Amino acid sequence: MSVTDEARAVPSVPSPSPSSSFEALRRQDPQIADILFGESQRQATTLQLIAAENFTSPAVLAALGSPLANKYAEGYPGARHHGGCELVDAAERIAIERATALFGAEHANVQPHSGSSAVLAAYAALLRPGDTVLAMGLPYGGHLTHGSPANFSGRWFDFVAYGVDAETGLIDYDQVRHLARQHRPKAIVCGSISYPRHPDYEAFRDIADEVGAYLIADAAHPIGLVAGGAAPNPVPYADVVCATTHKVLRGPRGGMILCGSELAERIDRAVFPFTQGGAQMHTIAAKAVAFGEAATPAFTAYAHQVVANARELAGALAAEGLAVLTDGTDTHIVGADPAPLGIDGRVARGRLAAAGIVLDTCALPYGDGRGIRLGTAAVTTQGMGRREMDRIATLFTAALREQGEPHDIRGKVQGLVAGFPPFAG
Ligand SMILES: *Cc1c(COP(=O)(O)O)cnc(C)c1O
């Protein structure tokens, strides 16, 4: 058989199998292949406690690495600016149906490229430049899109910040109401990058109604817990819910917007053509896969285990002497101040990194110091439970207190994660 016959007999459709496509990459571009290999080794041999990270399933990765990546599809299913969209239309319709069913929403837009793009589109749909917006201040756990001067939000809108109580670390709803009455914002944003407790969506709705503001829930972090029934659903309360699909929800890197049917058209136009161009159809197919996974009893069990693990870890870290913010957690997020151990968050992050424990620093509700923020979404996907959380807390404090060589602690971390391979199955 000649080469051309062979090529005809075997259509050159990339295989969704990660191993064979990886071998093709290694042959063509060993430099990048080495980086991919090294990164998967890093993820598999150290502890991933970054609160925003998770491990997607092989099915999600297969959709991401599929030929849908080649397709241009500006517009929405049935109304595209390109030909050949029949199949990707079907993928997007399935993603939308699964998202609306999963979260009980009338409308879903699954095109935002990221959580930040979702928030940008929500503002574009509801606000005009110069409007006043009330959101959690960045020093308390607000996201960049909640009014940072370095971000479009702080540049184009007039943000007023609410905080958390310095003592309890909890949102002070009387302060939120007071600021809302004083500044009459056009929108109120609830949601945070580090708040470990459930927002009181009903209280936010009540305050928004009192001052005639839209309520935007930026549920980027907890939306996966919502899918698994382990956190309250903001959909019945907020006018618009923004989310990511890659945090606890365990899907591909991307964003999503949920809203009622009366805002559907405005939201859709705010995503495309106002703030984005062509949709990433491979990512949208991967979102559909993730929504399918999130609708299963196994995911419900996962979401509850994520919270149980975070509570166990928070308790164990408190027992080791760290000051746990808000005295615990309702979610996958644990915030802690390592000051009782004589170090700040930056030093803590460095010592933990040397021991193979990867996490972030975070703002503290008091003072200018930094704390540490960790999450249990990734380790729970790996199959770890409460026993492993206690083990993590022991290794954690050994690293922070510099009990023994970082190298030895790193070896123990590696021994622990070896029993829970993240890329199995
Ligand atoms: C993660 C996060 C975002 C942004 O998500 P990206 O995908 O990184 O753009 C927005 N808001 C909140 C509250 C977040 O936690």
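The values are calculated or read from the model by the stated rules, or taken from the named source; none is laboratory data. In this text the structure is predicted, and so the values were computed from the model without any measurement. Here the Cβ positions follow ideal geometry from the backbone for every residue, glycine too, while neighbour counts run over all protein chains shown.
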Leading residue by the ranking (nearest to the ligand (Cβ to nearest atom)) among those in the range 97-109 that are among the hydrophobic types (A, V, I, L, M, F, W, C) and more than 24 Å from residue 274 (Cα to Cα) | 103
Going through the range 245-261 in order, the residues found to be within 16 Å of the ligand (Cβ to nearest atom) and outside any strand (DSSP E or B) are 245, 246, 247, 248, 249, 250, 251, 252, 253, 254
Of all residues in the range 110-136 being closer than 17 Å to residue 282 by Cβ and touching a strand residue (DSSP E or B) at 6+ places or on another chain (Cβ under 6 Å), the one that is farthest from the ligand (Cβ to nearest atom) = 110
For residue 242, indicate whether it is crowded, with 24+ Cβ neighbours inside 10 Å and away from the ligand (no atom under 14 Å from the Cβ).
-> no
From the option list 343, 372, single residue qualifying as modelled with pLDDT of 95 or more and surrounded by 22 or more Cβ atoms within 10 Å (Cβ to Cβ) is 372
Test: residue 304 is out of contact with any Asp or Glu (no Cβ under 6 Å at 6 or more places or on another chain), over 26 Å from residue 196 (Cβ atoms) and modelled with pLDDT of 95 or more = no
Scan the range 43-58 and report the pairs whose first residue is among the acidic types (Asp, Glu) and whose second residue is within 16 Å of the ligand (Cβ to nearest atom), with Cβ atoms within less than 6 Å and a gap of 6+ or a chain change.
-> 53/378
Within the range 28-59, track down each residue that is small (Gly, Ala, Ser) and within 19 Å of residue 352 (Cβ to Cβ).
-> 44, 51, 52
Meets criteria (surrounded by fewer than 24 Cβ atoms within 10 Å (Cβ to Cβ), of a type in the set (D, E, K, R) and farther than 26 Å from residue 74 by Cβ) for residue 268 | no
Could you tell me which of the residues 155, 181, 205 is part of a helix (DSSP H, G or I), modelled with pLDDT of 95 or more, touching a Phe, Trp or Tyr at 6+ places or on another chain (Cβ under 8 Å) and among the basic types (Lys, Arg)?
-> 205
